[in-house]
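Below is one structure, written out as structure tokens; comments come after it.
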Amino acid sequence: MITMTAITVTAQSTPLRGAARYATIFTTQFERVAEVVAARAAELLCAPVAVVDEAGAVVARSTPSVAGAGHAAPDDPGESSLRIPLRLEGQPGAALVGAPLNGEVISPRLAQVLVHLVVSQALARERLPDQHERKHAFIRDLLQGAIKDEAMILREAAILGMDLTTPRTVILIDAADYTLAPARHGEAEITDAAVLRRAQLVVGSIVSFFHLPNDTICAYIGNGEIAVLKASNTKNMIRWIDSRRAAPEESCAWANLAALKRASEELLGHLQADTSSPMSIGIGRYHPGLCGIARSYEDARAALSIGRRVRGQNGVHCLDGLGIAAFVGISEERTKVELATHLLSPLDHEPELLGTLDAFFASNCCPSSTADRLSIHRNTLGYRLQKIASLTGLDPRQFEEAMQIHLAMLMRSFRTEAR
């Protein structure tokens, strides 16, 4: 038996008169939430679940619909493989989770996180019955740019308990190999309920990784994909910011991107450990304003789509790390120009190096011809090319990276026209 850390939750209630009346209403609320927790957790974990009070008496229990007759929810702590303590307004209890009935193995930590979420959702439903569904529909509309009125976005987000006043960047996770995989070998399809159950497990793993649910807003958006609206300002990214490196002078769209990449790399490993499945992640840039969240989602979707095609599964993809594939795969001219500007921004105050690149490409990347064109020694040219590689991370002496620099220079020349 594994005993886990207690989950403390707080429910809102109306003022009560008298201890007896308080106890009666409190117990009713505890039982009501317990029933929701048992039923929802049983379906998500595909395992029998019981909720007991402090004395060990069963308050609610449920068996997943896939189990059929003959499987009972555990009614005694000794019969449960997992015991997860609960506390609701000072009244202790526990969720008892039996062995999964579909043969899948769920880690104790992931089961605990899921119960955290189920309890939170149950309490939210006490306040607003359809809040969970409204939240996911709202996030989908926000990502797709269907809501343009920022005042309306803030009002709806506040009703649903989401803080969108903090700058947020979209991280898009492709978990299809886990959420959409057949339940057993030989099965061609998986039920919608099973898909949603697995998606909820992935969301739970994401929330446990970032530790602070208010900092991270997650939603399953279909086709095996989960969108994360990650608070991306420096305060919320401090864990992944490398203080040894000075931040470059660039537009806010690319700010803290290196930290987001580090966070996403760690998140990918965390998800793979929890699910034992391959996954891929696409990172969007930060765009100002609430409507900028939709643009960040477009970036993340493009990075994920291109990255999977050119790099395969199990990777973290961002537009600035996809090489020439980004310029070929992105259809929007504005994004291409912004990407080119970002890649070349370390050379903004290096006119000599930009002139060297112009001469280098005009000379068909031939060092001797370039040195003659610039009237400099070949060693001087080599020093300049190495400095370019050091500043930009792209080496003009390497074929693909030279092509990327050349394309970026061409695209950046269109910057004034694009604006």
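The values are calculated or read from the model by the stated rules, or taken from the named source; none is laboratory data. Source: prediction; values computed, not measured. Cβ sites come from the backbone with ideal geometry, for glycine too, and all protein chains shown count toward neighbours. To get the accessible areas, we keep the full protein, side chains included, count just its heavy atoms, and leave off ligands, DNA and RNA. Shrake-Rupley method; radii C 1.70, N 1.55, O 1.52, S 1.80 Å.
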Problem - Selection status of residue 369, in a helix (DSSP H, G or I), surrounded by fewer than 12 Cβ atoms within 10 Å (Cβ to Cβ) and without any contact (Cβ under 8 Å) to a residue 60 or more places away in the chain - result: no
Exercise for the section: Would you mind stating whether residue 6 is under 33 Å from the mean Cα position of the chain (by Cα) and modelled with pLDDT of 85 or more? Expected result: no
Exercise for the section: Keeping to region 157-173, report how many residues are crowded, with 24+ Cβ neighbours inside 10 Å and out of contact with any Asp or Glu (no Cβ under 8 Å at 6 or more places or on another chain). Expected result: 3
Practice task
Could you tell me whether residue 385 is open to solvent by less than 70 Å² (accessible area, probe 1.4 Å), in contact (Cβ under 8 Å) with a residue 12 or more places away in the chain, assigned to a helix (DSSP H, G or I) and closer than 30 Å to residue 228 by Cβ?
Solution key: no
Practice task
Given the conditions (1) under 19 Å from residue 260 (Cβ atoms); (2) surrounded by fewer than 14 Cβ atoms within 10 Å (Cβ to Cβ); (3) β-branched (Val, Ile, Thr), report the number of the one that residue 306 does not fulfil.
Solution key: (2)
Practice task
Take the residues in region 39-58 that are farther than 12 Å from residue 84 by Cβ and assigned to a helix (DSSP H, G or I), then tell me which one is farthest from the chain's Cα centre (by Cα).
Solution key: 39
Completion exercise
Among residues of region 9-58 being among the charged types (D, E, K, R) and over 19 Å from residue 116 (Cα atoms), the residue modelled with the highest pLDDT is 17
Problem - Which listed residue, of 326, 294, 303, is out of contact with any His (no Cβ under 6 Å at 6 or more places or on another chain) and at pLDDT 90 or above - result: 294
Handout entry: Candidates 217, 173, filtered to the one that is under 15 Å from residue 277 (Cβ atoms), modelled with pLDDT of 85 or more and in contact with a strand residue (DSSP E or B) (Cβ under 7 Å, 6 or more places away or on another chain)
Key = 173
